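The values are calculated or read from the model by the stated rules, or taken from the named source; none is laboratory data. Just so it is clear, the model here is predicted, and its values are computed rather than measured. Cβ coordinates were reconstructed from backbone atoms using ideal geometry, including for glycine residues, and neighbour counts include every protein chain displayed.
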Amino acid sequence: MGGRAANREGSLYKRASDGRWIGAVLLGYDEEGHLRRKTVSGKTREETAKKLRALHHNIDEGLPPPDDRITVGELLDSWLVDVVPLRVAPGTLANYSSLVKHHIQPALGRKRLSRLLPDDVQHLITCKLDEGLSTRTVRHLRGVLVQALEHAVRQGRVVRNVAVLTDGPRLKQRDGRTMTIDEAKKLLKAARGDRLEALYTLMLATGIRPGEAFGLPWTHVDLNSGQITVRQALSRQPGGNVIGDGKTGTKGWRTIKLPSPVVEGLKGHLRRQKKERKDMGEAWQDHGLVFCTPIGTPLDPDNHRRAFAALTERAEIGRWHPHELRHSATSIMLAQGVPIEVVSKVLGHTSIRITADVYGHILEPQKSIAAEAMAAALWDRQTKRRTRQEVPGRRRNSETPEDRKATPSQPVGQVGA
């Protein structure tokens, strides 16, 4: 006999057949008048009593008791159908579904959800890395499990999210390739007269994503005030290219001020497009897009990638990807001293931390300037960087010959910020 159960423990006893402790809670009667009850078990009285208290808590909160029969695979299937489509873009849903189908389901799909342990998820992570999956893909895989199990916790199916208790693989930070200012100038020179010259100029000056540029409508362009509003993007989906809210949804919506050369380029592009519309006549398919094909339809990302690579090769700067214009624009802005919080808003990052993680290496010289400025302010330590400035107690005409030879670097045009 197990003795009398404590308050809020329900029925608690030790099973004679195998010595395990069993706890039970009555849940009332079903539609057919049968008494319903929920049982839990454990090796010790304390373990079982803890499970019973958790069960009572769920009942008090109005949550359904955990279902010991549901599997991880069944949870993932229902989550992908009922929850994920309401939260993410179709492309992201397809990515989640692929990870579940090819990697999570084969390993954990048949396991009871209530018996899933952190070690099970950690073993999956290790095995997938050993199989040769990239670190980024394994991180995404773990992230899918974290989200699905968090949904299960909210639904009262499990008490804890075991995926959160695992260690994801550390992603090695790779510096994105960026153009130098000289390379950027060569690109702009090679693009002169190109039908999409304004597109390359806009992307290089503002760092907007290729999909955001492809999905930009004329209604979101104000040539009088010199600014654009980014609220949608074109993306490739299983059924074809579609225009939606973009990578970060409404969080990525933003207004960007444009450098005057970009505004002039867009005005010229508008005149060219009006002529194309007139020449095509009834064959023109109006989608209202700033950048489109010669018949008005949306640009195809693959075709544009090949065209851009050919353009960069003509510019004699090598073969580049359109998305690298975003990295290049960011690098130039930061190198020109644009505050990182401003750069983050221009890029449409949901957090300044993302900007710092990806482009933090560019800020290293600025960190040195900050250290030297503090040394000068607090300890009157003069540095080479301050020889061009007027220092208290030093006359303006006291430059050294080396000072007179040095000339500060000049910014290349105006970078959108």
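A compact table of results
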quantity	calculated
Subset of segment 274-306 [of a type outside the set (Lys, Arg) and more than 20 Å from ALA233 (Cα to Cα)]	GLU276, ASP279, MET280, GLY281, GLU282, ALA283, TRP284
Criterion: surrounded by fewer than 15 Cβ atoms within 10 Å (Cβ to Cβ) and either under 20 Å from the mean Cα position of the chain (by Cα) or within 16 Å of ALA191 (Cβ to Cβ) (or both) - qualifying residue of GLU341, GLU324	GLU341
Residue check, SER114 of a type in the set (S, T, N, Q), exposed (fewer than 14 other Cβ atoms within 10 Å of the Cβ) and not assigned by TED's automatic domain parsing to the domain that holds LEU55	no
Helices (runs of 4 or more DSSP H) (entirely within segment 204-321) containing at least 2 residues that are within 22 Å of the chain's Cα centre (by Cα)	210-214, 301-314
Given (1) surrounded by 15 or more Cβ atoms within 10 Å (Cβ to Cβ); (2) touching a strand residue (DSSP E or B) at 6+ places or on another chain (Cβ under 8 Å); (3) not in a helix (DSSP H, G or I), index of the condition VAL88 fails	(2)
In segment 13-28, residue modelled with the lowest pLDDT [restricted to those that are in contact with a helix residue (DSSP H, G or I) (Cβ under 6 Å, 6 or more places away or on another chain) and either closer than 14 Å to ALA54 by Cα or not in a strand (DSSP E or B) (or both)]	VAL25
Residue pairs meeting the criteria (Cβ under 8 Å; at least 6 apart or on separate chains; first free of Cβ contacts under 8 Å to residues at least 40 places away in the same chain, in segment 153-166; second hydrophobic (A, V, I, L, M, F, W, C))	VAL153/VAL159; ARG160/VAL153; ASN161/VAL146; ASN161/LEU149; ASN161/ALA152; ASN161/VAL153; VAL164/VAL146; VAL164/LEU149
Cβ-Cβ under 8 Å pairs, at least 6 apart or on other chains, segment 124-148 side assigned by TED's automatic domain parsing to the domain that holds ASN161, far side assigned to a helix (DSSP H, G or I) and basic (Lys, Arg)	ILE125/ARG142; THR137/LYS128; VAL138/LYS128; LEU141/LYS128
Search result, residues across segment 175-202 that are more than 17 Å from ALA310 (Cα to Cα) and within 26 Å of the chain's Cα centre (by Cα)	ASP175, GLY176, ARG177, THR178, THR180, LEU202
Verdict on ARG305 being surrounded by 14 or more Cβ atoms within 10 Å (Cβ to Cβ), basic (Lys, Arg) and at negative phi	yes
Odd one out for ASP194, checked against (1) acidic (Asp, Glu); (2) outside any helix (DSSP H, G or I); (3) not assigned by TED's automatic domain parsing to the domain that holds PHE214	(3)
Residue within segment 94-108 that is assigned to a helix (DSSP H, G or I) and touching a residue at least 60 places away in the same chain (Cβ under 8 Å) present	yes
Neighbours by Cβ (under 8 Å, 6+ apart or cross-chain): first from segment 265-289, in contact (Cβ under 8 Å) with a residue 40 or more places away in the chain; second polar (S, T, N, Q) and part of a helix (DSSP H, G or I)	GLY265/THR201; GLY288/THR219
Cβ pairs under 6 Å, 6+ apart, first in segment 18-38 and closer than 22 Å to ASN58 by Cα and not assigned by TED's automatic domain parsing to the domain that holds LYS51, second among the polar types (S, T, N, Q) and not in a strand (DSSP E or B)	none
Test: residue in segment 320-329 that is in contact (Cβ under 8 Å) with a residue 24 or more places away in the chain and charged (D, E, K, R)	yes
Matching residues in segment 72-82 - criterion: being surrounded by 15 or more Cβ atoms within 10 Å (Cβ to Cβ) and β-branched (Val, Ile, Thr)	VAL72
Test result for SER368, assigned to a helix (DSSP H, G or I), at pLDDT 85 or above and among the polar types (S, T, N, Q)	no
Segment 154-178: number of residues that are modelled with pLDDT under 90 and surrounded by 15 or more Cβ atoms within 10 Å (Cβ to Cβ)	9
